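Notes follow once the structure below has been shown.
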Amino acid sequence: MRVLALAPFWFALAFALGTSGSLELWAEGRYAAGVLALEPVYAASLLASESWGDAYAEAALYPRWSPAGRGFDAGVSKLEVGYAAAAFALGAGAGLEPLTTLHLLVPYALTPPQGGFTPGLWGAWAEAYPDPFTRLRLALRRKGARLFGVLRADGAFGGLDYTLAGVYAPPSASALGAGASARIGEWILYAEAWRLQGRDPWRGGLGFSRYALGGLFTAEAGYREGWQVAAAYTWQAGEAWSLDVLVRSDWTAGEAWPAAFARLVYQEAEGDVVLGLGYLRRPGLGGVLQPSLGARVYY
């Protein structure tokens, strides 16, 4: 009933703002210990941006509904208003504070991705642009009952793109971090490092990307309460077909927990179809197979 009650709101907002987005349906399966469970998921996305001179409003919403017990999730990733001038910008509402440089691993994040989107945090922010290559950002965000102050500087120097960040969240969740990336020939190299409060304070990782064998190959290694490695390959088989493969492993408590995922995607201008298969090891379950099938229509 909650979904039906909200449906007119989503469609009215979509037509009023001239938005873009998608409607999705997919089925996820899990096979473990001789038991196969299938679960349908109904999802949508609504992406909107309107401007009035230097003022603007943006929305990135990902509502989803699972009839098998997980219920309804409004999926608010961004819902904010702002003002952007040549030398500065201001904003308030729900939004993201991306802090990571790696692409496959997440050594540190205020809100890690979940369920196909990254939840936004409510708050306000201000940015200054002292030169064409530098951005200074100050943000205040709320996560649960805790306030986070975020100070970030992005710039470029001698072919190196860098990020310096500090997160202030007393008494026990503050952090300092730095990241950098550079292109050397056909290779893109990048790394990041974080120091948090606590008994195991260090986080970080490094990686590279390059085109090989007709596709994009990415590999990373990192540390977050245990060592992690990941590798991904994307191959464009034609105008409409593509294949994505991801392999990763975490080491915790002296044991490896590998995972592998593959997706075959058929994409057209009006939508796409995705066939996926995953395998992972989980404590108490052993090996788990995760087949999936999805369809998406764009509007």
query = When Lys and Arg each count +1 and Asp and Glu each count -1, what net charge do the other residues less than 15 Å away from Leu140, Cβ to Cβ, add up to?
reply = +3
query = Out of Ala87, Ala232, Ala182, any idea which swings most in a Gaussian network model of the chain, alpha carbons joined below 10 Å?
reply = Ala87
request  = Take every Cα pair under 8 Å in the chain that's 6+ residues apart, average their separations, divide by the length, and report that relative contact order as a whole percent.
outcome  = 12 percent
inquiry  = Connecting C-alpha atoms closer than 10 Å in a GNM of the chain, tell me which of Glu255, Glu39, Glu268 has the biggest fluctuation.
reply    = Glu255
ask   = Over the range 46-155, what is the relative contact order in whole percent, taking alpha-carbon pairs under 8 Å and six or more residues apart?
value = 17 percent
key: Charge context of Glu270, other residues only, Cβ under 15 angstrom, K/R +1, D/E -1   = -3
message = Explain nothing, just the number: dipole magnitude of the range 213-298 about its Cα centre with +1 on each Lys and Arg Cβ and -1 on each Asp and Glu Cβ, in debye rounded to the nearest 20.
response = 300 debye
key: Gaussian network model of the chain, springs between alpha carbon atoms under 10 Å - residue of Leu285, Leu79, Leu23 with greatest fluctuation   = Leu285
request  = Quote the charge dipole size of the chain about the Cα centre in Debye, to the nearest 20; the model charges only the Cβ of Lys and Arg (+1) and of Asp and Glu (-1).
outcome  = 940 debye
inquiry  = Could you tell me the center-to-center distance, by alpha carbons, between the range 143-222 and the range 227-274 in angstrom?
reply    = 22 Å
remark   = When the charge dipole of the range 102-208 is computed with +1 on Lys and Arg Cβ and -1 on Asp and Glu Cβ about the Cα centre, the Cα farthest towards its positive end, among Gln197, Thr134, Gly207, belongs to Gln197
task = Give, as a single signed number, the net charge of other residues whose beta carbon lies under 9 Å from the beta carbon of Ala57, with Lys and Arg counted +1 and Asp and Glu -1.
result = -3
query = Do the sum for the chain: with -39,500 (n - 2.57) for every DSSP H run of n ≥ 4, divided by all residues, what is the mean residue ellipticity at 222 nm, to the nearest 500 deg cm²/dmol?
reply = -2000 deg cm²/dmol
ask   = Given that just one value was derived from the coordinates, which of (i) -0.56, -0.70, -1.62; (ii) -0.60, -0.70, -1.11; (iii) -0.45, -0.55, -1.28 is log10 I(q)/I(0) by the Debye sum over Cα atoms at q = 0.09, 0.10, 0.15 Å⁻¹?
value = (i)
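Since every read-out is calculated from the coordinates, none of them should be taken as a lab result. If you're wondering where the values come from, they're calculated on a predicted model, not measured in any experiment. A quick note on method: Cβ atoms are made from the backbone with ideal geometry, for glycine too, and the neighbour counts reach across all protein chains shown.
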